[in-house]
Amino acid sequence: MDHALIKLYGIFSLEVEVTLGSGMTRRKALSKTYWFAKEVPGGKVELRSLDVDFNLQGQLIEVERGELLSGYLPEPQATYKYLSRPLMEGDSYREGGNHTGAVREYEKVRRIDEANIRANFGLGISLLAFGHTDKALYVFKNILEMDEAFADEHKHLFNELGISLRRRGLFDQTLQYYFKAQEMTSMDENLQFNIARAYFEKGDLEKTVWHLLKALDINSYFEEGLYFAKYVLDKRLLPKDDTRSEQLSLSLRAAGMLDV
C-alpha cells in the first residue's frame with residue numbers, strides 16, 4: 001500500500017516545553033495540546049486546536065503534511081472516542097429509527113469536524129425524519145457545497161437523503177440536490193431515475209419521461225426504470241401516437257416485459 005495515498009485525518013497532539021515559575025522555583029515542564037487535523041489537496045493539512053472538552057477553538061492554520069508527521073503525534077484513542085465511535089453510533093441509531101440518538105451523536109462529530117460528510121448526511125436525514133425541515137435544509141445547503149459528498153463511497157447516504165427530501169415533498173430541493181450530483185456523473189441510471197421520480201411527483205410529465213428514457217438509454221435492463229415505463233404506458237399518461245410511448249414500448253419489448 002502506498003502510504004502517501006492515505007489521507008491524514010483525526011486528532012493529534014503537540015508537546016512543547018514550557019517554563020513554569022521564576023527564580024528558585026523555576027522549572028521546565030511539558031505542555032500537551034490537542035489538534036484536529038484534516039489533509040486537503042496539495043499536500044497541506046488543516047489544523048484547528050481543541051479545548052479541554054475537545055471542541056474546536058482558535059483559527060484554522062495550514063501546515064505541510066511532513067510538518068504534521070514530524071512534529072505532532074497521532075492520538076488514535078481520542079480519534080475513536082470523539083469521531084469514529086459517535087459516527088458509528090449515529091449511523092446505528094439512524095438505521096434503527098432512533099433519530100434523537102442519531103442527532104446527538106452526529107452533532108458530537110460536527111463539533112470537531114464541521115464538514116464531516118457522513119455526519120452531515122446522517123444529521124440531515126434524521127432532522128427530516130423529525131420534521132425539523134428548516135434545520136435539515138440548512139444542513140442540506142452545506143452538503144451541496146461539498147463535492148466529496150457525491151463520491152461513489154457516499155452513494156447510499158446520497159440516495160437516502162434524496163429519498164427523504166422527496167418524501168417530505170421538497171421537490172425543488174430534491175432536484176437541486178440531484179442536479180448537483182449530475183455535475184459529478186450524468187451516466188448513472190439510478191440518478192436519472194431519481195430525477196424522473198422527483199419530476200413525476202412534482203407533476204411535470206415532460207421532464208419525467210425525458211429522464212426516464214435517459215435512464216433506460218444508459219441501462220436498457222434497469223428494472224426499476226422498466227417498471228416505471230410500464231406504469232406510464234399502462235396508465236396511458238402519454239398519447240398512444242406519441243413517439244416517446246413507442247420508445248418506452250421498445251424498451252419493454254427488448255426486456256421481454258411487453259408482448260410484441
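Quick check, is Ile125 in contact with a helix residue (DSSP H, G or I) (Cβ under 6 Å, 6 or more places away or on another chain) and closer than 27 Å to Trp35 by Cβ? No, not satisfied. Applying the selection to segment 116-138, what residues are of a type in the set (Gly, Ala, Ser) and open to solvent by less than 50 Å² (accessible area, probe 1.4 Å)? Within segment 116-138, Ala119, Gly122, Gly124, Ser126, Gly131, Ala136 qualify.
Quick check, is Ser220 small (Gly, Ala, Ser), open to solvent by 50 Å² or more (accessible area, probe 1.4 Å) and under 22 Å from Tyr178 (Cβ atoms)? The answer is yes for Ser220. From the list Leu137, Leu69, Leu87, the one residue that fits, being at pLDDT below 95, within 16 Å of Ile11 (Cβ to Cβ) and part of a helix (DSSP H, G or I), is Leu69. Among the residues of segment 186-215, the ones that are open to solvent by 50 Å² or more (accessible area, probe 1.4 Å) and outside any helix (DSSP H, G or I) come to 2 in all.
Within segment 97-114, the set of residues being in contact (Cβ under 8 Å) with a residue 40 or more places away in the chain and open to solvent by 10 Å² or more (accessible area, probe 1.4 Å) comprises Arg111, Glu114.
Residues in segment 141-164: is at least one in a helix (DSSP H, G or I), out of contact with any helix residue (DSSP H, G or I) (no Cβ under 7 Å at 6 or more places or on another chain) and either of a type in the set (A, V, I, L, M) or buried (at least 17 other Cβ atoms within 10 Å of the Cβ) (or both)? Checked against the condition, which is being in a helix (DSSP H, G or I), out of contact with any helix residue (DSSP H, G or I) (no Cβ under 7 Å at 6 or more places or on another chain) and either of a type in the set (A, V, I, L, M) or buried (at least 17 other Cβ atoms within 10 Å of the Cβ) (or both), segment 141-164 yields at least one hit.
The values are calculated or read from the model by the stated rules, or taken from the named source; none is laboratory data. Because the structure is predicted, anything quoted here is derived from the model rather than measured. When we count neighbours, we look across all protein chains shown, and the Cβ atoms used for this are built from the backbone with ideal geometry, even at glycine. Accessible surface is based on the protein model in full, side chains and every heavy atom, while ligands, DNA and RNA are left aside. Shrake-Rupley method; radii C 1.70, N 1.55, O 1.52, S 1.80 Å.
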